[in-house]
Ligand SMILES: Cc1cc2nc3c(=O)[nH]c(=O)nc-3n(C[C@H](O)[C@H](O)[C@H](O)COP(=O)(O)O)c2cc1C
């Protein structure tokens, strides 16, 4: 990699920013292939590939909203109209969603926690790739990510988990300010005596 390519990569990493308001155009099929391929290069202990990625777009987003509403009513049968509408509309906040599922493998040396980390790395790679292609995104979870009804309706196993719903599209409106905490607040050198 040349210095100028490295500068581009660093600029992309330093300036990434989540966008809650996402509209069309969504990534095309070839964009999506590039985004998914970036994610699948995530570090992954033992190359267990403890993941599955569901592409949810178009009418399938409406179905996901119905699943969220059903999950809400199973948890809280008294849920009011506002909450139900919020659940129904949640997946319509972006033209395309990638649901990153953890499909854990029992392994003597690689605990579930490390497999969660691999899926999270994959989703982050996809978010960065989408931004590099000029799109915007937001990683969301909420209670539905671990809800047994939602997992069942996504054809996932009870031990699976949605590590992230990656909402992707084109940013609408201006970006929020980038949060740049001081490195010293979170980093220290280990200096053994
Ligand atoms: C595992 C995970 C779950 C998240 N779930 C939500 C969520 O459900 N709702 C939300 O508003 N933000 C959620 N976020 C945070 C946003 O994706 C985003 O990072 C945050 O708004 C800060 O913006 P920034 O990424 O531009 O710094 C989640 C982030 C991660 C890593």
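The values are calculated or read from the model by the stated rules, or taken from the named source; none is laboratory data. Please read all numbers here as calculations on a predicted model, not as lab measurements. Cβ sites come from the backbone with ideal geometry, for glycine too, and all protein chains shown count toward neighbours.
Here is a yes/no grid of residues against (1) in contact with a strand residue (DSSP E or B) (Cβ under 7 Å, 6 or more places away or on another chain); (2) more than 13 Å from the ligand (Cβ to nearest atom):
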| residue | (1), (2) |
| --- | --- |
| 143 | no, no |
| 146 | yes, no |
| 153 | no, yes |
| 167 | yes, no |
| 175 | no, no |
| 179 | no, no |
| 185 | no, yes |
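Scanning the stretch 129-143 for residues that are over 11 Å from the mean Cα position of the chain (by Cα) and modelled with pLDDT of 95 or more turns up 129, 130, 131, 132, 133, 134, 135, 136. A Cβ distance below 6 Å, combined with a sequence gap of six or more or placement on separate chains, defines the contacts here; from the stretch 3-18, residues that are closer than 30 Å to residue 94 by Cβ reach residues that are within 12 Å of the ligand (Cβ to nearest atom) and part of a helix (DSSP H, G or I) in the pairs 16/131. Only one of the numbered conditions (1) more than 19 Å from the chain's Cα centre (by Cα); (2) within 16 Å of the ligand (Cβ to nearest atom); (3) surrounded by 11 or more Cβ atoms within 10 Å (Cβ to Cβ) is not met by residue 9, and that is (2).
Among the residues of the stretch 79-95, are any within 22 Å of residue 127 (Cβ to Cβ) and more than 16 Å from the ligand (Cβ to nearest atom)? Don't jump to the end; show me each part of the working.
So in the stretch 79-95, the residues within 22 Å of residue 127 (Cβ to Cβ) come out as 90-95.
Retained after the next criterion (residues that are more than 16 Å from the ligand (Cβ to nearest atom)): 95.
Yes, the stretch 79-95 has at least one match.
May I ask you to list pairs of residues, at least six apart or on different chains, whose Cβ atoms are under 7 Å apart, with the first in the stretch 169-191 being under 30 Å from residue 24 (Cα atoms) and the second being assigned to a loop (DSSP other than H, G, I, E, B) and within 11 Å of the ligand (Cβ to nearest atom)? Matching pairs, first to second residue: 171/19; 175/17; 175/19; 176/17; 178/17.
In the stretch 19-32, the residues that are outside any helix (DSSP H, G or I) form Cβ pairs under 7 Å with partners that are at pLDDT below 95, at six or more places apart or across chains, as follows: 19/175; 21/173. Does residue 162 meet the test of being buried (at least 19 other Cβ atoms within 10 Å of the Cβ), in a strand (DSSP E or B) and either in contact (Cβ under 8 Å) with a residue 60 or more places away in the chain or within 15 Å of the ligand (Cβ to nearest atom) (or both)? Taking the combined requirement at face value, the residue satisfies it.
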